Structure formats: structure tokens, C-alpha cells
Protein chains: 4
Amino acid sequence: MMKLPVKGIIPPMITPLLENKELDLSGLNKLVNHLVDGGVHGIFVLGTTGEGPSLSYEVRKQLITETCRIVNKKVPVLVGITDTSFDGTMEIANHAKEVGADALVVAPPYYFPISQEEMGDYLESLLPLLPLPFMLYNMPSCTKLHLSIEVVRRAKELGAIGIKDSSGDLTYLYMLIEEFKADPLFSVIAGTELFLPETIMNGGHGAVAGGANFFPKLFVDLYNAAVDKDLEKIKSLREQVLKIHKTIYEVGEYSSRHIKGTKAALLAMKICEDHNAEPLQRFTEAQRSLIKEYISQFNYKNEYNSIH
Amino acid sequence: MMKLPVKGIIPPMITPLLENKELDLSGLNKLVNHLVDGGVHGIFVLGTTGEGPSLSYEVRKQLITETCRIVNKKVPVLVGITDTSFDGTMEIANHAKEVGADALVVAPPYYFPISQEEMGDYLESLLPLLPLPFMLYNMPSCTKLHLSIEVVRRAKELGAIGIKDSSGDLTYLYMLIEEFKADPLFSVIAGTELFLPETIMNGGHGAVAGGANFFPKLFVDLYNAAVDKDLEKIKSLREQVLKIHKTIYEVGEYSSRHIKGTKAALLAMKICEDHNAEPLQRFTEAQRSLIKEYISQFNYKNEYNSIH
Amino acid sequence: MMKLPVKGIIPPMITPLLENKELDLSGLNKLVNHLVDGGVHGIFVLGTTGEGPSLSYEVRKQLITETCRIVNKKVPVLVGITDTSFDGTMEIANHAKEVGADALVVAPPYYFPISQEEMGDYLESLLPLLPLPFMLYNMPSCTKLHLSIEVVRRAKELGAIGIKDSSGDLTYLYMLIEEFKADPLFSVIAGTELFLPETIMNGGHGAVAGGANFFPKLFVDLYNAAVDKDLEKIKSLREQVLKIHKTIYEVGEYSSRHIKGTKAALLAMKICEDHNAEPLQRFTEAQRSLIKEYISQFNYKNEYNSIH
Amino acid sequence: MMKLPVKGIIPPMITPLLENKELDLSGLNKLVNHLVDGGVHGIFVLGTTGEGPSLSYEVRKQLITETCRIVNKKVPVLVGITDTSFDGTMEIANHAKEVGADALVVAPPYYFPISQEEMGDYLESLLPLLPLPFMLYNMPSCTKLHLSIEVVRRAKELGAIGIKDSSGDLTYLYMLIEEFKADPLFSVIAGTELFLPETIMNGGHGAVAGGANFFPKLFVDLYNAAVDKDLEKIKSLREQVLKIHKTIYEVGEYSSRHIKGTKAALLAMKICEDHNAEPLQRFTEAQRSLIKEYISQFNYKNEYNSIH
């Protein structure tokens, strides 16, 4: 059984892909070990950064299986099951259970622009069928629905063990913390990595930090500093996170640049390949060189990227 | 070979489902014959009204197979293949080819908010692999991308035979007609049924009219009246279409009410069941009664709903 | 008294300005006569195209006074009174009454993002105080509120004589026509010039056509052709309107290019200066040259731009 | 001369109005003294909370004059000058200078949906003419423009002494702090009161906190606690701020409820009347009673609302 509340640094793991769009199994092995060695508290696969919806069920299932195998119960594995097809959602959920994953993560089905009420009804259909503990996932820029507090409350009554909020709206995240603070087992997790100290110091539980893909220890250290309320350390580590934003995340255009940049960073660190699933394309050669240069500028790089 | 340009009334067929979310095969048989007997010029399955993204691949493939079998080449069958997974898209496309469908319909993969440029790159990857003729599908309210004229032009160069526009933006549709009027084989099809006469009389080719699910002959007659520029007939038939908007489409809330209302109308006409795929739920008993009453108020009902 | 329903071509007159941002009185004189000679059925000043909100009250009042003087009751003058200040709105309204304008045009106050209900309450405060007949003005891209049919109905009960819809949403405009068709004195006017024939042939009353600033006779002829249901003539004139869209309206960037292009067209036709009020800037020299060239390409130019 | 950088708690003062929409001068006197006694570091009049754009120029000027008179140089007075009319903006700016205000605050003119580039050009026209130091004001929900970092940089080159960000987007605010941290005289001020500790502890300078209208000392104490990095005190005071959000700000509907609730709170505290300028309406009797009850529930009320 996974320990509740879910907390700490849970990287939204990118999915390492070969040029032919099959899993980069060697890269996956290195990446998972890189994360576990970095001290992360869990791994979230098949989220937005993991390009979950872009992968075939076969690849999704293989990724879950392989990740669980490599992780080998050292940390919990959380699996994004969101799909526009109810059967597809259940197929992934059941597979996750079978191969030993620890929890599921559910966002709104993302084709129709549904209402809060329709989302609530959907959760009433889905949640009782799930074979593992589950969290909600608020991701309005992709799903077109900013989950109301009321819907989150309904999900909690149906058994949800937490929510990951990637809206970028910190006021909303603070309201979630307030709403659910009476339940010590319900997690509120930030999906915006810059908000990690704010989340922890104000009663939240952790962060699904994309940058933890390449610098897991940086975010783990920042998490610990926030738990310890060590303001000096927070300040110094936060400067590294800001530097990521001003360098690696500034390469390229469009919101997808964060995913592309993260994969290019992992390539620069020789951890895995940087191919994207359609409809995204990896960075150009020039953009990859820039990322490589940026990665080399991080002084604490060696500390943060021990590779197997 | 399908005759080009694609034109006329091509209903975006709803997917008849049983309570257990399997295909309502008896209903599908009645519905397809209802449409063909109504004189439609083609049938579009697995679009938004068809709840394509909500169905499992298995159900999608079964629907294509059965529809093609029942249609039996009397009219072209167009198949929506849009999916967030490239492999999923190809799986549906290849199945459509195998079982005798005539054309494919492609919208942007709908999870990531991609840019026009990223959409163009995606089309360059996908279109050359498609085993059948294909049209574009502009559906910004669901896909988050309003296809630029430039992207449509790029798709045309890659072989697209037309575009169905469901943006509701008639100025854009007129600009599409202008842009492509030099090519007599490229179709511009309205996805907003109220714009059928406008589209036809100004150089467009047809309409993917949701209301043609229940009253196919009404829309076919309106199409013919528009082709004939018979203003009196257009006026009289258009009044029936407006009446649909003010009655059937006004039941319920949220944008999904059009799909739910269309299914309830078909139930009222004893053509098929009205269950929806998750995340949508069918209308309540009271809403269904209202739809039934509205259906009974259409004087030309008998003319338009001959059932097998 | 102005004859009801308001109908025909009512250009949203641009405000001719000198480089020092004072009124270009000589240009105003030419422009008003150009419009009246072009056969327009009314003139709408201080709308969006007229940059009303960008002008000081002094300039707004001078413009109303001068326009009414030059028009000299040949056609009705409608005055945009929308302002974020209630007193400002009343000041313009009362001035319009004093100097002989015929009607007022009211959009939502545009700073706060207000709700439909708040808009309804605002109309209950404002409308009974207005000293002249008034129309509503739906302009969501600038005011952030797409007026609900319910709000329009409430305004009608409070005395509104019509609505001008610039939403670009033809389905909405058709619903307005349906809603109010029982009252022969209530006008539904299109603010999207491409929709002029659609509006007239389906029961609407006219168009506030920006392009009528430079080619008033083109739009008046198109209006008459639509009234006469002369499809051949509609087709031929509509091609000219489309040509405007593909040339003059395509110069420059951003939505403000329509206003800048319209002013540059009037400069090219030697009718008035092309300065804009802040925050807009007139076109560059290169853009103005392009507009000049485009204007010269309209074969029917001489017919449409007789200048005093 | 005002001391730079601008910092601390600068309430966006509501504008006390009588039922006839004239200034509530007695209420204004009490309110200004309430704020100054509460220890605020400045007063910002004619912002969004101050309903600036809804007031006539006469009332705006009277408010500036009276506020400066009552404040009597005890703290700086900042004046919102944003207007859709350039002349109107200058009229307010010049009046502010004349009567002794200390700085001006500039947001985008809010009628046209302008581009970043157009905003930059506007600033180049306006800023050199301003007679007092000025800050930028980012308020996308009202102005439709989320100022780019590039535009803020351009404004700084033209002399801006800071920016107040009310976007609610803390990532953006952090990027502003990063961008301008090399200049110790340039202020980054939060417009979202919940973000006060985050802003101060990460290098920002202050907060324009709406709740400081009724509980100025609460926010001043919180500011000081943040400056002192006194985590215990921050936690305890922040709980009071959260309580405001869960009580006073939850009354009523629509985004305008914050302004209406703030005025109702001041009425409950017998500081001033609660009338709003059109298009807003004050709360109903029941809503006002609820606010009164909530105000009475704040234990530290006496500490925070000493009234003259």
C-alpha cells in the first residue's frame, strides 16, 4: 500500500522514444534510475509532459510495465489514465494495477468542452470502477475545464486521495489547500514547479515538477528546504529553478517548448533520446545545441545528474 | 472511386449505443437506411456528433464496418480518424480502407494546444500515409485550433480533397471558398447547418448537417433548393431548420445538448436508442418527453422520417 | 421623427483627424457628402470604426454637431454614446439630441467584465433617461460581453428600436431576427459587411458596413439587390466586397487594420486625412501605397467614389 | 519627491459614493484616515477597485484633490490615469500633478483589443508627456492585454518606476522580478493580495491589496512580517487574509463581487457608504447583512479598524 498523503517531488516523467517512435528502453532505464537516485518521492508517467495522450495503448502499457519493473517498488509509480474513451481509460487503469503501479491520475476527457456538472457525472461513473487509489489532475490548458472546488469535493467523496493542479493559478491552489486541510491524507500537489516552496510552506504536499526530469536532486533539495523552512537554502535553490526558466524553457516557441526542451536536456545529459510523439517534433539541431550549452552552465550539474 | 468534388448533404451520423455502451446494431441499420432513403449524398461517421473520440477503437471499427456494409456503396462513407495517438489514427484509417469506406476526415490531435506551424508539420507526417482520400476538419471548440488558411493550403498541396468547417465563423468559410474556388474538385463544406443555403449559393459544396440525422430529406430538399436558387422553397424549408433550433436544440444545457437532443429525437422517431458514450449522459425523462413533443409538432414529419 | 424600422446601409463613419488629432473639418465635409451622395440610408458616428471611445468629449461633440449640420437631415444620424462613465454617456446623448441627431447607439460599458444580469440592470438605469430613440450594439471583441437574447429582449421592453450585431456570429444574428420578427418596427442590423445579403434576404434590416466609408454606392447597390432578390446582381456586387476583404483589409496586422485601412483608402481617394486617434497609429508609407494601388484596381471605382 | 523604489502596502482605494453618485466626502475623510492610521505606505486612487473608468472626469478630479488634501503628504498618492481617450488621460494626469499627487499609474486603453506592439507605440506617445513619475498597470481581465515583458522593458526605458501586476499569474510576476532585479529603484508590486508574502520574500516590493481598504493594519503587519521573514507571524496573518477570501469575497456573484463586498465591509465598519458607480450595483440588503456578520467574526477587528 502506498503511504498517504502522497507528498514530495514526483516528476512527470517524459517518455523516452526512439526515432521510430518505439520506447527507448535503454534511455528509460537510465532515466528511471536517474530519478530514483535523485531522491524523488514518486514517478508520474503518462501525464502531459509524458505525452500520454499521444502514445498508442500498446506503448503506454509497455511504459507502465517497464517503469514499474525498473522502479522495483523503490518509490510509488502514479499512472495517468486520462483518455477520451472510457474503455481506453479502464484498459490503462487495469494494466497499471496488474503490473504493480501504485496510483492513478485522472483528468477530464479532453475532446468535448464539458461542464463542471458533466465532469461530476463522469467521475461518478468512472471512479468506483478504478482498481487503484486515484488523484485528480487539473490541466485546463489541455482539457478545457478548470475543475471547480465543488467537483474536487465530489471526487474526494468518491475516494480521491488528492489533486495535482497544473492551472498555474496559485490562488486556486491555495483555495484547494484551505478546502481540504482538515483531511491529513488528502494531497494538494503543485503542477507548476516554480510554486514548490509556496505550496509546501502553505500546507500543500508536493510538486509534479517537469524540471525534476533532468535535475531531480535540485527539486528534492528544494522540497526539503521548504519542509525545513530553511529560507537561505530555498533562496539559493530557487535561483537555480529560475535559471532553468530563463534558459532551457526559453528555447523554441509555443507551449510545447517545455516538453521539447526537457527531452533535449536529457539528451544533452546523455540519459535518453529526445524524440517526441506526434504531433510534436523534437528541437532543431541549433536548438539542441543551445540546450546543451545551457545545461553545461549549471554549476551544480554534477551534483544533480549522476547517471548510471 | 468517390466522385469529386464531395458535395451535398452528409450527415455527421450519431453513433447508436445500447445502455451497455455497445453498438445498437438494430438502430444503426434503421438509421443508415433512414439517411439513405432521405436522399443524403454521403455519411460521415465518427465526427463530433458521432462521439468518435469517446468510443473505443473496437467500437469505432465495428461502426465503420457495419455502416459500410449497410450503406452498401449507395453513398460514400467518410470516416473521422482524428485521434491524439498517431498510431490510433492510422489504425482507424487502415480499417476504413479495408472495409470499403470512401474517404477520411482529419482534425488536429486535440490534447496539446498546438500552433498552426506544428499542425502543418503534423499534416506532413500524416497525410502521405493515409490509404484513402481525405478532407480536413476545422473544429476549434473541441480541438483548440482554428486552422489557418495557410494550413489548409498546405493540406491541399498534400492531397486534401476538401475541408469541413465547423467553426461557426461564416466569414472564414467564405474566405475558404474564395481561396480554393479555382480548383473545381476541392470541396468547402459547412459544418453549421444553418449556413447551408449561404454556403451553396456562394460557391461552397455541401453541409455536414447534424439535423439531417432525424430529418434527412429536409436538408436534402434545402440543398436542392439552394442549388436551384429557388428562393421561395429555401425560405419555407429554412423555417423548418430554424424551428429545429428553437425547439429540439434548445432542450438541456451546455454545448453537448445538440448531440443529446439529436439522439433523443431519433429515439422519439423510434429509429434507435439514445444512450451517449461517456462523458456525456443522455437526456432525463422530462427532456426526452419534451423532444418527443417537439418532434410531433413538425408538420412535415411523415415526409421526413420514413423508417424501415 | 426617424422612420422605423431603421434599415438600409448605415456606414460606421470613420472620424477624420488631422495630425494634431483635431477634427479634419474639410475632410469631414467631403466624407459626409460622399456618403450621402452614395445613397446611404443613415450615418452612424462614434462607433468602433469611428474610434469613438478614443476621442475626447469635446471632439465627440464637435463631430456630432458638424455631422448633423452637413447631413442637414438628408438621412438619419445615429450616435454611439457608449462610455465607461454614466455621466459621459448622458453628456454625449444630450448633446446629440440638442444638435439634431436622430438616434443613439448603446453598447456595454467596456472596462469591467460584467455579466448579462449586470448589463440588464445597467440598461434599466440608462435607457429611461435617454432623450432620443436608441439601438443596442453587440460588440463582444471590444466590450467583453456577447449580449444574450434575454438582455436584448429586456432592452426592447425598455424601448430599444433595434440592435446592431458585430459579433461575426451569424447564427446569433439569425436568432435575433427570429426572436423579434413579430415586431415590424424593431431592426436587426448586421455589423459584418459580408453578411449584408444574408441579413436582408432572411428578414434583417440593414448593415453597418465599414467599407461603405469608401464605396458607399457599392453597399447601397448590394442592399437594393438583396431587397430585390436579384441573385445575379448580388453575386457580381458581392465579388467586389470580397475583393475589398482580400486587398484593403489584408494590409497590416492586428484587428485594427480594418480601421487603418479604411482611413488609408479615404486618403487615397483624396476624401480626408488618415490619422488615427491614440492608441492606434496610421499605416506606414509603404502600407498606404499598397492601399492606394488596391483602390486603383477597383474597376467600378469611379462609380462609387464621386467626391465633392 | 517620492522615495524610490515604491514599496509596501498601497491600497487600491474604493471611491466612496453617495446614492446620487456624488462623492461621499465624509466617508472619504474617514476612509483616508483609516488607511493612513492603518500604516499604509501609499494610496492608489482610480484603479479598478476605485471604479476609476466609471467616474466622470469631474468626480475623478475631485477625488484626487480631496484625497491629496486629506492625506496631506503623509504617504504618497498614486493616481490611475488610464482612459480610452488620450486627452482624458492627460487631463487626469495634469490635474494630479497640480493638486500634489505623487505618481501616476497607466494601463492599456481598454476599448480596442490592441497588440503588444501597438501598446508599445502608445507608451512612446504618452509617457514622455506625463508630468509625474509613473508605473505600469497590468490588468488583462479588464484591458484585454497581458503586458509582455518586452513592453514593460520598453516602458522602463521611457522612465517607468515600476509595475503593478494584477494578472493573478504569479509565474509572470516572478519573471518581472527577475527581469528588473538589477535596478534597485524599479518596483514590482503584486495586485493579488494573497501573493503579498510570496512577492516580498522573493524580491518584489509591495502589494496593492484590496482588502487593505477595510483591514489596512492586517496587510501592513503581513508586509512587515514578510520583510522580517517571520514565518510564524506570516502564517497567522495569512490565515486572516484567507478568511477574508472565504467570507467577504465569497458573497455575491461575478468578478465584481470583490468591489461590492469591499464597499459593503466599509459600510459595516461605519466608514463610508457602499454605493457603486454604474454599471455596478451595490449588494442587496441580505448580502450586506452577511458581510456585516462576517466583519464581526474577525477577532482582530478592533486592532485593524480604528476609525476617526
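The values are calculated or read from the model by the stated rules, or taken from the named source; none is laboratory data. Keep in mind that this is a model prediction, so the values were computed, not measured. Cβ sites come from the backbone with ideal geometry, for glycine too, and all protein chains shown count toward neighbours.
Worth pointing out:
- As a summary of the residue check, residue A:121 satisfies the conditions (1) touching a helix residue (DSSP H, G or I) at 6+ places or on another chain (Cβ under 9 Å); (2) within 21 Å of residue B:15 (Cβ to Cβ); (3) surrounded by fewer than 23 Cβ atoms within 10 Å (Cβ to Cβ) except for the one numbered (1).
- The residue that is surrounded by the most Cβ atoms within 10 Å (Cβ to Cβ), counting only those in the range C:234-258 that are without any contact (Cβ under 8 Å) to a residue 40 or more places away in the chain and among the polar types (S, T, N, Q), is C:256.
- If the condition is being touching a helix residue (DSSP H, G or I) at 6+ places or on another chain (Cβ under 8 Å) and either without any contact (Cβ under 8 Å) to a residue 60 or more places away in the chain or within 14 Å of chain C (Cβ to nearest Cβ) (or both), then the range D:37-48 contributes D:43, D:45, D:46, D:48.
- With respect to the conditions (1) under 18 Å from the mean Cα position of the chain (by Cα); (2) away from every other protein chain (no Cβ under 13 Å); (3) hydrophobic (A, V, I, L, M, F, W, C), residue D:268 falls short on a single one, namely (1).
- Hey, residue C:223 touching a residue at least 12 places away in the same chain (Cβ under 8 Å) and more than 14 Å from every other protein chain (Cβ to nearest Cβ) or not: yes
- For the range C:195-205, residues that are part of a loop (DSSP other than H, G, I, E, B) and either at the interface with chain B (Cβ under 10 Å from one of its Cβ atoms) or acidic (Asp, Glu) (or both) total 2.
- Criterion (acidic (Asp, Glu), under 23 Å from residue D:179 (Cβ atoms) and under 21 Å from the mean Cα position of the chain (by Cα)) met by exactly one of A:278, A:293, A:239, A:198: A:198
- Matching residues in the range B:182-218 - criterion: being closer than 20 Å to residue B:137 by Cβ and charged (D, E, K, R): B:183, B:193, B:198
- Failed item in (1) within 10 Å of chain C (Cβ to nearest Cβ); (2) hydrophobic (A, V, I, L, M, F, W, C); (3) more than 20 Å from residue D:156 (Cβ to Cβ); (4) touching a strand residue (DSSP E or B) at 6+ places or on another chain (Cβ under 8 Å), with residue D:86 passing the rest: (4)
- Lone qualifier among B:58, B:51 - being charged (D, E, K, R), within 12 Å of chain A (Cβ to nearest Cβ) and within 23 Å of residue B:271 (Cβ to Cβ): B:51
- The range C:73-83: number of residues that are more than 14 Å from chain D (Cβ to nearest Cβ) and outside any strand (DSSP E or B): 4
- Looking only at the range C:100-149, residues that are among the hydroxyl-bearing types (Ser, Thr, Tyr) and either more than 14 Å from chain D (Cβ to nearest Cβ) or over 19 Å from the mean Cα position of the chain (by Cα) (or both) come to 5 in all.
- When the criteria are applied in full, residue A:3 meets the requirement of being more than 12 Å from every other protein chain (Cβ to nearest Cβ), among the basic types (Lys, Arg), farther than 27 Å from residue B:278 by Cβ and out of contact with any Asp or Glu (no Cβ under 8 Å at 6 or more places or on another chain).
- Yes/no for residue B:47 being under 16 Å from residue B:276 (Cα atoms), of a type outside the set (Asp, Glu) and out of contact with any Asp or Glu (no Cβ under 9 Å at 6 or more places or on another chain): yes
- Of all residues in the range D:244-254 being part of a helix (DSSP H, G or I) and touching an Asp or Glu at 6+ places or on another chain (Cβ under 9 Å), the one that is farthest from residue D:217 (Cα to Cα): D:246
- For the residues D:122, D:111, the requirement of being in contact with an Asp or Glu (Cβ under 8 Å, 6 or more places away or on another chain), within 24 Å of residue C:257 (Cα to Cα) and touching a residue at least 12 places away in the same chain (Cβ under 8 Å) singles out D:122.
- Of the strands (runs of 3 or more DSSP E) lying entirely inside the range C:127-194, those carrying at least 3 residues that are in contact (Cβ under 8 Å) with a residue 40 or more places away in the chain are C:134-138.
- For the range B:156-179, the set of residues classified as touching a helix residue (DSSP H, G or I) at 6+ places or on another chain (Cβ under 7 Å), of a type outside the set (D, E, K, R) and within 14 Å of another protein chain (Cβ to nearest Cβ) consists of B:167, B:168, B:170, B:171, B:173, B:174, B:175, B:176, listed by residue number.
- Look at the range B:85-102: where a residue is over 15 Å from residue A:54 (Cβ atoms) and a partner is of a type in the set (Phe, Trp, Tyr) and at pLDDT 95 or above, sitting 6+ places away or on another chain with Cβ atoms under 9 Å, you get B:92/B:57; B:93/B:134; B:95/B:57.
- Summed over the range B:259-301, the residues that are surrounded by fewer than 19 Cβ atoms within 10 Å (Cβ to Cβ) and part of a helix (DSSP H, G or I) give a count of 8.
- Check on residue B:196, surrounded by 23 or more Cβ atoms within 10 Å (Cβ to Cβ), modelled with pLDDT of 95 or more and out of contact with any His (no Cβ under 9 Å at 6 or more places or on another chain): yes
- Hey, residue B:229 out of contact with any strand residue (DSSP E or B) (no Cβ under 9 Å at 6 or more places or on another chain), farther than 26 Å from residue B:30 by Cα and modelled with pLDDT of 95 or more or not: yes
- Those residues of the range C:206-233 which are in a loop (DSSP other than H, G, I, E, B) and surrounded by 22 or more Cβ atoms within 10 Å (Cβ to Cβ), in sequence order: C:208, C:209, C:214, C:215
- Subset tally (residues that are hydrophobic (A, V, I, L, M, F, W, C), under 19 Å from residue C:214 (Cβ atoms) and in a helix (DSSP H, G or I)) for the range C:26-61: 5
- Of all the listed residues (B:92, B:70, B:64), the sole one being in a helix (DSSP H, G or I) and touching a strand residue (DSSP E or B) at 6+ places or on another chain (Cβ under 6 Å) is B:64.
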